[in-house]
1. When you check residue D:219 against the structure, is it outside any loop (DSSP other than H, G, I, E, B) and in contact (Cβ under 8 Å) with a residue 60 or more places away in the chain, yes or no?
2. Under 8 Å by Cβ, and 6 or more places apart or on different chains, what pairs join a residue from region A:247-265 that is more than 12 Å from chain B (Cβ to nearest Cβ) and closer than 21 Å to residue A:197 by Cα with one that is open to solvent by 20 Å² or more (accessible area, probe 1.4 Å) and assigned to a helix (DSSP H, G or I)?
3. Pairs, please: C-beta under 8 Å, at least 6 apart or cross-chain, first residue among the acidic types (Asp, Glu) and in region C:328-343, second surrounded by 15 or more Cβ atoms within 10 Å (Cβ to Cβ) and modelled with pLDDT of 95 or more?
4. Return the residue satisfying two criteria in turn: it lies in region D:273-296 and is more than 7 Å from chain C (Cβ to nearest Cβ) and either open to solvent by less than 20 Å² (accessible area, probe 1.4 Å) or of a type in the set (Val, Ile, Thr) (or both), and of such residues it is farthest from residue D:244 (Cα to Cα).
5. Could you please find all residues in region A:205-222 being crowded, with 24+ Cβ neighbours inside 10 Å, among the small types (Gly, Ala, Ser) and either closer than 23 Å to residue A:312 by Cα or not assigned by TED's automatic domain parsing to the domain that holds residue A:238 (or both)?
There are 4 protein chains.
Amino acid sequence: MTTPTAQSPALGTDVPATMRASVLKRQGEMAMETLDVPTLEADQVLVQVAAVGVCGSDVHYYEHGRIGDYVVDHPLILGHELSGRIAAVGSAVDPARIGQRVAVEPQRPCRKCVQCKAGRYNLCPDIEFYATPPIDGAFAEYVTIQSDFAYDIPDSVSDEAAALIEPLSVGLWACERAGIRPGSRVLIAGAGPIGIIAAQAARAFGATEIYISDIAEDRLAFALDHGATHALNARTDSVEGLDVDAFIDASGAPQAVRSGIKAVAPAGRVILVGLGADDVELPVSFIQNREIWVSGVFRYTNTWPLAIQLIADGKVNLDILVTGKFALADSEKALNAGKQPGQLKAVVYPGR
Amino acid sequence: MTTPTAQSPALGTDVPATMRASVLKRQGEMAMETLDVPTLEADQVLVQVAAVGVCGSDVHYYEHGRIGDYVVDHPLILGHELSGRIAAVGSAVDPARIGQRVAVEPQRPCRKCVQCKAGRYNLCPDIEFYATPPIDGAFAEYVTIQSDFAYDIPDSVSDEAAALIEPLSVGLWACERAGIRPGSRVLIAGAGPIGIIAAQAARAFGATEIYISDIAEDRLAFALDHGATHALNARTDSVEGLDVDAFIDASGAPQAVRSGIKAVAPAGRVILVGLGADDVELPVSFIQNREIWVSGVFRYTNTWPLAIQLIADGKVNLDILVTGKFALADSEKALNAGKQPGQLKAVVYPGR
Amino acid sequence: MTTPTAQSPALGTDVPATMRASVLKRQGEMAMETLDVPTLEADQVLVQVAAVGVCGSDVHYYEHGRIGDYVVDHPLILGHELSGRIAAVGSAVDPARIGQRVAVEPQRPCRKCVQCKAGRYNLCPDIEFYATPPIDGAFAEYVTIQSDFAYDIPDSVSDEAAALIEPLSVGLWACERAGIRPGSRVLIAGAGPIGIIAAQAARAFGATEIYISDIAEDRLAFALDHGATHALNARTDSVEGLDVDAFIDASGAPQAVRSGIKAVAPAGRVILVGLGADDVELPVSFIQNREIWVSGVFRYTNTWPLAIQLIADGKVNLDILVTGKFALADSEKALNAGKQPGQLKAVVYPGR
Amino acid sequence: MTTPTAQSPALGTDVPATMRASVLKRQGEMAMETLDVPTLEADQVLVQVAAVGVCGSDVHYYEHGRIGDYVVDHPLILGHELSGRIAAVGSAVDPARIGQRVAVEPQRPCRKCVQCKAGRYNLCPDIEFYATPPIDGAFAEYVTIQSDFAYDIPDSVSDEAAALIEPLSVGLWACERAGIRPGSRVLIAGAGPIGIIAAQAARAFGATEIYISDIAEDRLAFALDHGATHALNARTDSVEGLDVDAFIDASGAPQAVRSGIKAVAPAGRVILVGLGADDVELPVSFIQNREIWVSGVFRYTNTWPLAIQLIADGKVNLDILVTGKFALADSEKALNAGKQPGQLKAVVYPGR
């Protein structure tokens, strides 16, 4: 702990040399391993992970060994929704940060490309993102992140809520891009975790009518209790003619996307969050005639500060999403938890 | 010509009681007829039509008797690209306007709905648009239009160019919505009249690289001479990887739309101008991953003043598009002219 | 009540030929008069006025006989914050509107100029605005307004709150132009009616820190109860260094404007609502170095629908502003009410 | 040249250990000195300076020893408008860059703060800017800059033009913030280098009427030849009533700022570029009544790529601004050159 170079050990206390991690060895195979605690670069902090949410993409890597062009051809640590405590800091980081509870924004943009310098670092072609091959994620006792991507959280924000700021950021970014503002009328397709989070985010952005559609009545009921103002059964209720200002798809279902677009008023916006087929047939002439804007979200930029504030102010409640809690050694169970009815979000605790 | 009420005859001189018009009686059948000169409302002007461009939508009504939900179930006067001279004015219009050469914006929004009051009058649900059933168009000696939709043109702008401000407006509106700005790199699919106009408009907006794609080499050569900087043969040249800031489709061809989208850089925009199938399969995950915005244009708002200036300043040249000239009685020939090779834009002269 | 022309009498029931009105005869002189009920144009409604808020500009016309270039050189009916009930409709308006309770947006743009057609009708050079010479206002039993500027209100919105949508619109428009969004930090100078309304509006736009400054402790205490999160005594507390995202001046005091600007973070916005001196010395190099945007509000556009929703949803409370209630014959007392300590908003009831 | 660390010597060839520099020792005193060639950090390049433009701020530091809070209390190398050739690269930079001609964006933002990550790196509170105490500038044979802030230039761009991309960037950024677009009408106050550059930039953004005002007829004549469409003598011509879309002040003269604002149409924009008094009396009620936006520019972001393209395309001509050429040892003469009539821009050549 002497020379403050990029290769120096962490400037901190009580950091062991090795750590436990739950590793996806290959498609469908998880294993507990003992690995070196990652080395800190000058501008990074070492975070002792407290809680990690399980995301659909984690499950997809586990089950299919790939997402699109990203292939798990080497062992990979999953998990990108995380909170923890700073255990050590790099040479260029204020040591006063050690001990602070933080929520981690799990991406490392290059900061130098056209996209980064325009403020769109989520679109950086050289970005590294947790749990996306070959970048390891957070099913481990320790992770590193650039100091400015580890955000202090107040005591009032639980470890679980701090971890779930990652999916909340997706919802906030979707609302931002959907142009939600006071008085907006919004349709959200899909009452899973992202749909419910998007409903809460839309409410925080001032939306006054928040329609949510799904085929599962229990999900709809839950969504009505936690953000939505109207529930629609996608099997029986038509959304055409709603003429909402914005449609956010959190289902990834082509039919929901198509009918959702037809629910949008002239000059409205459509934001596709859900991942489904690479190619989907869209009602193009409807989009043209109404000059509707259609886009998607690819992660997010600069959402953590707002997210922390919304949680601290009680305007968003993420704790209600947690339906399963797992020790690190039970990560595989956590990855399978979503198959049970009524499950929304599993959380893994690397310290347990 | 005494009481200045909405029902009063036109306040003007030398306006006859009847006029000649070329009427689409039903699908595929044109006929010359003698009709009453239309009555002026208080805020309208009566325009003696000088030149009318033939648009693809005119041809479509003529050949198919409908466009989507708009059906020609009564005789309809086609033509919505027009210039002329003010022959008379309504009671609330300054008589000094009589005699002025004008370009006509062929739409009548309600001015009272949410869209109109937000400045998006093209999206007015109650709008009346020339040559769209049941609203008559301009293949006639006289038409009426609200005074503020008849724009004075200088002597340096020809009758033909003034008429073609309508398609130029489509191109300008597409560039506006595509976010074209100085230094933009743009791909345009389709080197027909709209594609060439869009290329000129993009150049006027400051685009520095303007790629145009088509399958007809003669069209590409013409486009290179009149706005585009690069020509691509859609059969042999791939556009993927161009990473343009904006893609404007003026082809309506689903394959061109799909490949054009894949030519767009992250955070870029896609504007669909061409009309084709109601539903088109789009590369949704590509759109999501790059956060590309996709929309279309539905006519335009507030484009005539800029269009007139661009023509007067020589930054846009519409006269080069005129490849056929027809007397009113030859309107049917004008509608069929586009079937000949090398034809871009036919113009009908109601005064001849 | 037969021919539906612009000159026809009102299509309604029980509308008398004359009405009582409280008229500003000249500077400082109010008088009750009996006047003809105004004639309806085709697109107007006749509103039986229920409640009228007294605005600082009403008081200014009463006390000084002018505001800037607007001079009271003929008798003028004051009052532009109003609600009522539709008593009759013009020939082009659906008679079903008769009987509906409405909030009135007291302006009549031309709908045809560049500003109107761009959606900025508040900047229409030919606009007519209530209680601005020579246009009469609402201290009368009946007024006319274009039908689309009379907005239906639900039973849950009181007559007073509906009248005060006008000042609320100023606050909403200020927040809109100030770019307030979820998580914004805002400073408001002046804890009078507009300042308190702006604080409520900012909260509705998602602002999380809302500082309000004033020199009157009772006003600050009231503001803290009704929208603001922090109160600052302008005599003793410095605002420099707050680094807020937006500063809204509702004081009109040059010193408050200057120090408020210095409280704004880089890229922040300043919206001047308060009216004071025509010319004010501003910290220009500070504005340049931080690239702060400075502007003002001139009335509002398209705010009534959102305002009604915010009141109905309980997100804004206007009833708490009413500190004095007056019969029409007591309009002069209402105009003088603001001189008493603790008075925020006087309301006149033309039906009493 | 062995270990690729931040402290390593430059990875390049033929770089001497020392260099000549022209140093501002204290207010009013320049001296030639021999200094160590600056050390490269990993992400930097070492640029052998070819040409340096003299800016008014250089002259101000030389004459007054300070600008606002920035005080020359240690010897300082002036000059921040520069081009050159890459002589060596840091360990993280592609060695293929060595030998490339470049234009240098003379700022080093932190890349990590809220402003940087939002794409507004010019507003970074920790930015380092050339020739701003205590950061040295370019009146020297060599300088260092982060690799992504050294932009390759084509052969068609002269050393002088490449250096003057810095003031061009100010003009482009002013036009960007002024919202200049095709058809805009613009007023520019001040026909010095920045005014002429702003006029050229406005033309490149599509402005069609570009009024420039000054008190010097020769400057006005020059401006008319190089960008402006109309010249106004500030002593005799009034600009009120022009109703331009945008006003750009490049004069710093309070009276020009005030009258320029009054030339702006409703919803127009004012961008203050010129530096003058810290506090200026502005026509606040005029700004409010027209909802005019007023701001300034503080340097620029992301302008070099566009600037290079505009020069290469011949849309902007910077070479015409160069009225004096000086060897490095004559820097003091260069700083004094502007006092002669007809002088616009002096250029220093550190290689001479």
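1. Spelling it out, it is not the case that residue D:219 is outside any loop (DSSP other than H, G, I, E, B) and in contact (Cβ under 8 Å) with a residue 60 or more places away in the chain.
2. Hits for this filter: A:250/A:194.
3. C:330/C:348; C:332/C:22; C:332/C:30; C:332/C:62
4. D:274
5. Result: A:207, single match.
Residue-by-condition table, conditions (1) under 30 Å from residue C:292 (Cα atoms); (2) under 13 Å from the mean Cα position of the chain (by Cα); (3) among the hydroxyl-bearing types (Ser, Thr, Tyr):
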{"site": "C:134", "(1), (2), (3)": "no, no, no"}
{"site": "C:164", "(1), (2), (3)": "no, yes, no"}
{"site": "C:177", "(1), (2), (3)": "yes, no, no"}
{"site": "C:198", "(1), (2), (3)": "yes, yes, no"}
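The rows are residues; the columns are (1) among the aliphatic types (A, V, I, L, M); (2) modelled with pLDDT under 95; (3) farther than 18 Å from residue B:105 by Cα; (4) open to solvent by 10 Å² or more (accessible area, probe 1.4 Å).
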residue: B:156; (1), (2), (3), (4): no, no, yes, yes
residue: B:160; (1), (2), (3), (4): no, no, no, yes
residue: B:165; (1), (2), (3), (4): yes, no, no, no
residue: B:168; (1), (2), (3), (4): yes, no, no, no
residue: B:175; (1), (2), (3), (4): no, no, yes, no
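Yes or no, residue by residue, for (1) within 20 Å of residue C:294 (Cβ to Cβ); (2) over 20 Å from the mean Cα position of the chain (by Cα); (3) of a type in the set (Val, Ile, Thr); (4) surrounded by fewer than 23 Cβ atoms within 10 Å (Cβ to Cβ):
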site	(1), (2), (3), (4)
C:244	yes, yes, yes, no
C:251	yes, no, no, no
C:268	yes, yes, no, no
C:271	yes, no, yes, no
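The values are calculated or read from the model by the stated rules, or taken from the named source; none is laboratory data. Remember, predicted model here, so these are calculated numbers, not experimental data. Note: ideal-geometry Cβ built from the backbone for every residue, glycine included; neighbour counts use all protein chains shown. Areas reflect the complete protein model, heavy atoms only, side chains present, ligands, DNA and RNA absent. Shrake-Rupley method; radii C 1.70, N 1.55, O 1.52, S 1.80 Å.
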